[in-house]
Amino acid sequence: MARTNFQYEKRQKELARQKKNEEKRLRKLNKKEQTAEEPAPPAEEDNG
């Protein structure tokens, strides 16, 4: 019976994790840039 290659599985899992973290980092970076470009609308003041 063939044995599973745990090193290969571990490496694939590690690569998937790195890819996911990189995508997350890019999303955060894009979100940060987007908020910097678009100034927040002024808050409405309630003087009533």
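FYI, it's all coordinate maths here, none of it is from the lab. Treat the numbers as computed from the prediction; the structure is a model and nothing was measured. Every residue, glycine as well, gets a Cβ built from its backbone with ideal geometry; the counts of neighbours run over all protein chains shown.
Brief remarks on what is shown
- Computed [θ] at 222 nm, deg cm²/dmol, the chain (DSSP H ≥ 4; -39,500 (n - 2.57); rounded to nearest 500): -24000 deg cm²/dmol
- One decimal place: the segment Ala36-Glu23 gains 2.7 nm when fully extended, by the rule 0.36 nm per residue minus the C-alpha distance.
- Put simply, the Cα atoms of the chain extend 79, 24, 9 Å along their principal axes, the longest span coming first.
- Rounded to the nearest 20 debye, dipole of the chain from Cβ charges on Lys, Arg, Asp, Glu: 960 debye
- Euclidean distance of C-alpha centroids, the range 21-38 and the range 1-20, integer Å: 29 Å
- Candidate lysines for bridging to Lys28, where Cα separation is under 25 Å - those fewer than 8 sequence places away on the same chain excluded: Lys13, Lys19, Lys20
- Charge dipole of the chain about the Cα centre (unit charges at C-beta), most positive-ward option of Tyr8, Leu26, Ala36: Tyr8
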